[in-house]
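Below is one structure, written out as C-alpha cells; comments come after it.
The values are calculated or read from the model by the stated rules, or taken from the named source; none is laboratory data. From a predicted model like this one, the values you see are computed outputs, not experimental measurements. We place every Cβ from the backbone using ideal geometry, glycine too, and count neighbours over all the protein chains shown.
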C-alpha cells in the first residue's frame, strides 16, 4: 500500500483485526526539448558514473538497486550454492526504535544506512565500527506529516555524497567521509502536505525525488530533479494535470487533462511517485512508476469518466530535461489503489527470436509486465499472482486489462477483490538475475471485499477510499510466497511459501543464490534455479528489508537490516494473525555476513510486560464507543483493538492512558513528536477523554479475560 496515511479512512480496512490511454499504448511525443543542455561530467563524476552504470565487478552497492538498472542483483560468486553453508555472522549493530525497512548502500568499504526518520549512519563495512551519524531531526520538523509515513526506505550515492529524503520534504546531500550536510533543498511547496519516504535516485549528476502523501491530502503528484553537486532545481514533471484555468506546465499536462473529468484538481488527483524510479543511460530516460488516484474511487475522483493519466502508469521522461517521452498505463481509470509504485528492472533478453532491451515490473494488480524500454511497447503481460478476480487478462493488442465488470462494484453490490488493495506485490523489491534470467518476486496472496458508500466527503473521513468500503472476506487469511518467474518463457519456475503476509525484499547473486528474509525472524538463501533452501540464519527479529552484497579486500559480504516497521507490522498481525514480535522488545539491527564468520547474536529474553494497571478505571460504555471512532486516527500505527507488532507500542500495555495529564501531553500537545508520535491538536477535551476511555476499556477487558500478552522471545513461538 506504500506510504500509507495514518488517518481515518483506513479504519474500515483495519477493522478486520477487531496504459493504454485515449491515445494508445506506447505513445511518444516528438519535438526537441526546450531546456538547457547539462554541462559535461567531471573526471570524478565519470568515475562515479561507472559504479552505477556497469557495476559488473560487483565491489560496491552504491544505489537502491545497486546499478541504474535496479536489478537488486550482485554478480559476486564467492558466496555460492556450494559455500553458502559456511556463511556466518561477521558483525551486528543494534539500532534504536524506528522504521528498520531501509535498503543499505555500500561504497569503497563504507556501509551506509538510513533508519527511523532518515537518521543516516556510516559504518566500516568490515568491522562494523560506527563512523558517523547524521540526524536531520525530521520527526520534530514534520508536523502533521508525521500522520502519513514512517521514515526512510533508503539512500543514494554520487561522487562522495550520500543523499537522503526526509518526512518534512527535504532532500539533503551529506559528505560521505564526514557525515556533514553539504546542501539541503526543500522539495515541497508552502502548505504542501506531501513527504518523502522513498530512496532518491541519481541520474548521471542529477538527483531525482518524488513524494508520498496523495492518500491524506489534496496532493498532485510530481517529481523533481536537482543538481547533485549544488542542490539547484533542474526540472519538475507533474504526473497528473492541474486546474485547466491556470494553464498547463507542458504539452503532456494538456494531453493528460483530456483523460480527466469534473473538477479533479480540487482533490489533487494523486499519482505520487514515492518509490519506483529507474534510469536507462542508453536512452537517457528516467522511468517513473506512479501511484494511485486521490481519492481511490473513480466516481468520486473523475465522475467515472476517462483513463486519468498518468495514474498507475509507467512514464518515460528525458533525464536531462524532464520532458515526456512515452507512457504505459497499468490500470486505466484506477479504482482500487492498484498503483505502479513497485520497482522496475531493466534487462536485455530474448523475446521470441529477437533480443530486446526491456523494462520489467510486477505491480500491485497481479500481472507482470514486460515493455520495450525505448518505445513503451507492451511485449507481454502475465498473471503472477495465484488468484486474480478483477480482470481475466491483459489484451495484447490494446494493452488494456479485460476487467470483470463486477469489480467496479456498481450500486449496492459487493465484490471479493483479489489481490486486495495491499496488492500482490508491495514496495519491497523483487530481483532480476541476468545469470538465470528469472525475476524473483515477494508475492502477497490476499483478497478484500469491496462495496460503495455515498456520498464522498473529505470531512466524513473517507478521503482515501472516496466512498468505498473495504472489509475482510470471511474465512480469508493472508499468506505470502517467493516466486521465481521466467519473463522470456512467460512461466513460473518455482514458488515457495513464506511466513506471514509479507516476504522480505529480494537479492539475487552470481553465486546462484537468492536471499530473502521473512516475518518469522529467519534470513534465508535459496538455490536460484530450483528454490531449494540452502542456508538460514535465526535473526531473532523479522527480516523484511532488502539485503545487499558487496566486496571489500577481496571478500564478499551480505548485509541486511532487521525489524518490523511501517504499516507492515499492523497489516501482518491483523491479517495473518502473527503477533510474535513486540514493538518495545523486538530487535532492530544491522547484520553483516561473510564466509567463515562465527559471531553470535545475544539471546533474546522472554519479557512478559503484562497489561497496564489502572486502579482508577471505571466502565463508561458510551464514552468508550465514542472513543473508538476517535481511535480511527490511531489505528494504522497502533493496530485494530490496540494490537500491533513493530509499528508502534501496544497501548494495552502502556502506562500513559491511565494518566489524563500524560495522555494529553503526548496526544494533544505532541510531547513525543520528536520520536514519531504525531500531535493531534484538533481533538477536543471530550474527544481526548473518550479516546482514553476506549484504550483503557480494551486493556481492562484483556486483564479481566486473563489474556496473555504475546511472547517477545522468538524461541517462544
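Points to keep in mind about this one:
- Any pair with Cβ under 6 angstrom, 6 or more apart, that starts in the range 543-564 at a residue that is outside the structural domain of residue 199 (by TED's automatic domain parsing) and ends at one that is in a strand (DSSP E or B): none
- Of 259, 283, all but one fail to be more than 17 Å from the chain's Cα centre (by Cα) and within 20 Å of residue 202 (Cβ to Cβ); the exception is 283.
- Of the residues in the range 553-562, at least one is surrounded by 24 or more Cβ atoms within 10 Å (Cβ to Cβ) and farther than 18 Å from residue 84 by Cα.
- When residues of the range 156-175 are limited to those that are in a loop (DSSP other than H, G, I, E, B) and out of contact with any helix residue (DSSP H, G or I) (no Cβ under 6 Å at 6 or more places or on another chain), the one nearest to residue 635 (Cα to Cα): 169
- Tally of residues being under 17 Å from residue 484 (Cβ atoms) and out of contact with any strand residue (DSSP E or B) (no Cβ under 8 Å at 6 or more places or on another chain) across the range 338-389: 0
- Answer residue from the range 94-108, given it is surrounded by 20 or more Cβ atoms within 10 Å (Cβ to Cβ) and within 20 Å of the chain's Cα centre (by Cα) and is farthest from residue 587 (Cα to Cα) among those: 105
- Counting only helices (runs of 4 or more DSSP H) wholly contained in the range 597-676, the ones carrying 1 or more residues that are touching a helix residue (DSSP H, G or I) at 6+ places or on another chain (Cβ under 7 Å), at pLDDT below 80 and buried (at least 18 other Cβ atoms within 10 Å of the Cβ) occupy 635-638.
- Of all the listed residues (114, 74, 127), the sole one being at pLDDT 90 or above, out of contact with any helix residue (DSSP H, G or I) (no Cβ under 9 Å at 6 or more places or on another chain) and surrounded by fewer than 16 Cβ atoms within 10 Å (Cβ to Cβ) is 127.
- The residues in the range 131-155 that are surrounded by 24 or more Cβ atoms within 10 Å (Cβ to Cβ) and assigned to a loop (DSSP other than H, G, I, E, B) can be counted, and the count is 7.
- Filtered residues of the range 677-696 (kept if part of a loop (DSSP other than H, G, I, E, B) and either within 32 Å of the chain's Cα centre (by Cα) or closer than 30 Å to residue 540 by Cα (or both)): 677, 678, 679, 680, 681, 682, 683
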